[in-house]
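Note sheet for the following structure.
Laboratory data are not the source of any read-out in this text; all were calculated from the coordinates shown. Just so it is clear, the model here is predicted, and its values are computed rather than measured. Heads up, the Cβs are rebuilt from the backbone with ideal geometry, glycines too, and the neighbour counts pull from every protein chain shown.
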């Protein structure tokens, strides 16, 4: 896994299958199929690794430069690529055949719908759980100050404010007390990129890398409005 194994366990990894295929035009084409514990985590893996353009395969697919392709469907996340250059259509054909063999089902986690849509950079959403994933999105502290774990759903996304990329983080806790503790812990870290943070019910919402206070306040206000009534 070239050092990536721990990230898959963050997303409830259960099983992985891999096969390589050779053809007249070269290759090999590598097909990797991962099964995780629930569909939300398959979606999370997909959001973590996507970085190209939308492709209509599975529930949602993504194709990057060089024909590297990934998609998710039900409890499965798949990657299809070639180490040596082959026609992109060849890679897509493998992906579509694989998607056709997988069970149907799976919708994005409900938490993703809490993200404000105005100024949201398309396809920047990342759904995750643990600190390892967070550290690869935005650095907060050496310690797990947000108490992230398998039971804490979280989503991060990027917003465009006049050419400045601002990051929004939402974490869902089991109870409001845990969210309040996390907000205080985050504010006390001295994180230089933290612009604003607030609790709303059992949710933590935090804005990072805002160019000024008005931007942080705007994004936080719109987010809190989507999180519902406080308690």
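Divide by every residue of the chain the summed helix terms, -39500 (n - 2.57) for each DSSP H run of at least 4, and state the resulting mean residue ellipticity at 222 nm, rounded to the nearest 500 deg cm²/dmol.
The per-residue figure over the chain is -8000 deg cm²/dmol.
Over the chain, what is the relative contact order in whole percent, taking alpha-carbon pairs under 8 Å and six or more residues apart?
In percent, rounded to a whole number, it is 14.
Report the Cα centroid-to-centroid distance between region 48-101 and region 166-193 in angstrom, as an integer.
Distance between centres, Cα-based: 35 Å.
Report the full-extension gain for the segment residue 37 to residue 151: residue separation times 0.36 nm, less the Cα-Cα distance, to one decimal in nm.
Result for the pair: 39.8 nm of gain on full extension.
At a threshold of 8 angstrom on Cα-Cα distance, excluding pairs fewer than six apart, so keeping six or more, what relative contact order does region 110-227 reach in percent?
24 percent
Please rank 16, 1, fewest neighbouring Cβ atoms within 10 Å first, as an exposure proxy.
Least crowded to most crowded, the residues run 1, 16.
Decide, for region 5-101, between rounded, prolate and oblate: order the square roots of the alpha carbon gyration tensor eigenvalues as a ≥ b ≥ c, take rounded if a/c falls under 1.5, and otherwise choose prolate if a/b is larger than b/c, else oblate.
prolate
Quick check on the chain: what does the Kirkwood estimate of hydrodynamic radius come out to from the alpha carbon pairs, in Å?
Roughly 18.7 Å, rounded to one decimal.
I'm a student and want to see the number: the projected area of the Cα convex hull of region 110-227, averaged over all directions, in nm².
Result: 6.5 nm².
Rounded if a/c is under 1.5, else prolate if a/b is larger than b/c, else oblate: which is region 136-180, with a ≥ b ≥ c the root eigenvalues of its Cα gyration tensor?
Prolate.
Neighbour counts of other C-beta atoms within 10 Å: give me 83, 138 arranged from fewest to most.
83, 138
Using Cβ contacts closer than 10 Å as the measure, can you line up 124, 82, 174, 158 from fewest to most?
174, 124, 158, 82
How many nm is it between the label spots at residue 104 and residue 21, if each spot is 7 Å from the Cα in line with the beta carbon?
Taking the simple label geometry, residue 104 and residue 21 are separated by 2.4 nm.
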